[in-house]
Amino acid sequence: METVRGVSAFVGRWFALIVLAAGAVALAFPPAFAGWSPAVPWLLSVIMLGMGMTMRPADFAIIGRRPWALLLGVAAQYTIMPLLGFGVAHLLGLSAVLTAGMILVGAAPGGTASNVMVYLAKGDTPLSVAMTSVSTLIAPVLTPLLVLALVGESLPVDGWAMFRSILQIVLVPVVLGLLLRLLLPRVVERCLDVLPLLSVLGITAVVLAVVAGSASTLLEVGLVLVLAVVLHNVGGLALGYAVGRATRMPVASRRAISIEVGMQNSGLAAALATVYFAPAAALPAAIFSVWHNVSGSLLATRWSRRPVPVADVSALEAQGADGSRAR
């Protein structure tokens, strides 16, 4: 088990480079991984099961303590990122398929890596965990509606089928994982150290499948698409922080909202794009998987060196947020 923990810690630390290397391998040898696309939804289901196993009922206690902060954060997540993805795609003149991919990334719930980034950034970790959990649970409704509203005029979208897919890929595994944590806590606790390894392996396999399935498209529009993804992510980070600042939230909460808004569940976006559009539509999600971990790590490092005002820490503690837990 110690060996597994060590390997898990290593791949977690070098996640972005591992995924980047996987993308390069798939681009160089696409036939080797081109047949992996049907496995993408199953891979994501395993990742979501792991996410559910890390959740506890206490994660939702913040709803009663600070509902305004949570509602504001989730609302920012589901408005800023879809609209920003739509705007950036049209600004850079991306094709309808790639535009759909950008919107899917924006309409996805928060990524689980964001919780670790917020913790490292000395942000409001309980708020971050709650935002990820709540945005994931309501994704079956909001993600199809947003995609239908922003993509429906240019490409056919089966919103009802997408709703069912998100239930199967995300909600059912997450709820099952949560139930396992409640019913078999000792067994699950022994598995927690392995979950980061499974997540990294799953996302790496998704990237291999996506890049291999649309290598020609990536070679054709690679630089423009990378620019689009960078603008999307950085814009989300900046606007998320601006929302927290405009509403006079504590600095720690601003950091949490910034990172939660900017970091997406790109694996879900890739799975949905592969099933409902075309392999090329999953390319924004594949690139986002690499880039948002790089930008999130850089931002967390910068903020970790800038102390949170003492008054903000005291305010959060008074509201019952211990700020000590991260997934």
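The values are calculated or read from the model by the stated rules, or taken from the named source; none is laboratory data. Small disclaimer: the values here were computed from a predicted structure and weren't measured. For neighbour counting, all protein chains shown are included, and Cβ atoms are generated from backbone atoms with ideal geometry for every residue, glycine included. Each accessible area value is taken on the protein alone, full model and side chains, heavy atoms only, with ligands, DNA and RNA left out. Shrake-Rupley method; radii C 1.70, N 1.55, O 1.52, S 1.80 Å.
All conditions but one from (1) small (Gly, Ala, Ser); (2) open to solvent by 20 Å² or more (accessible area, probe 1.4 Å); (3) at pLDDT 90 or above apply to Ser253; the one that does not is (2). As a summary of the residue check, Ile257 satisfies the conditions (1) within 17 Å of Met117 (Cα to Cα); (2) without any contact (Cβ under 8 Å) to a residue 24 or more places away in the chain except for the one numbered (2). Could you tell me whether Gly123 is touching a helix residue (DSSP H, G or I) at 6+ places or on another chain (Cβ under 7 Å), surrounded by 24 or more Cβ atoms within 10 Å (Cβ to Cβ) and not in a helix (DSSP H, G or I)? So Gly123 passes the test. The helices (runs of 4 or more DSSP H) found wholly in the stretch 1-110 and carrying at least 2 residues that are at pLDDT 90 or above and among the hydroxyl-bearing types (Ser, Thr, Tyr) occupy 67-91. The residues listed here are Pro156, Pro196, Pro144; of these, the one that is over 14 Å from Leu49 (Cα atoms) and open to solvent by 30 Å² or more (accessible area, probe 1.4 Å) is Pro156. Per the conditions (1) among the charged types (D, E, K, R); (2) at pLDDT 85 or above; (3) over 28 Å from Leu94 (Cα atoms); (4) part of a helix (DSSP H, G or I), the sole criterion not satisfied by Glu260 is (3). Considering the conditions (1) in a helix (DSSP H, G or I); (2) more than 18 Å from Thr112 (Cα to Cα); (3) not aliphatic (A, V, I, L, M), Arg248 is excluded by exactly one of them, (1). Taken as a whole, the stretch 156-169 holds no residue that is outside any helix (DSSP H, G or I), touching a residue at least 40 places away in the same chain (Cβ under 8 Å), more than 13 Å from Ala107 (Cβ to Cβ) and among the hydrophobic types (A, V, I, L, M, F, W, C).
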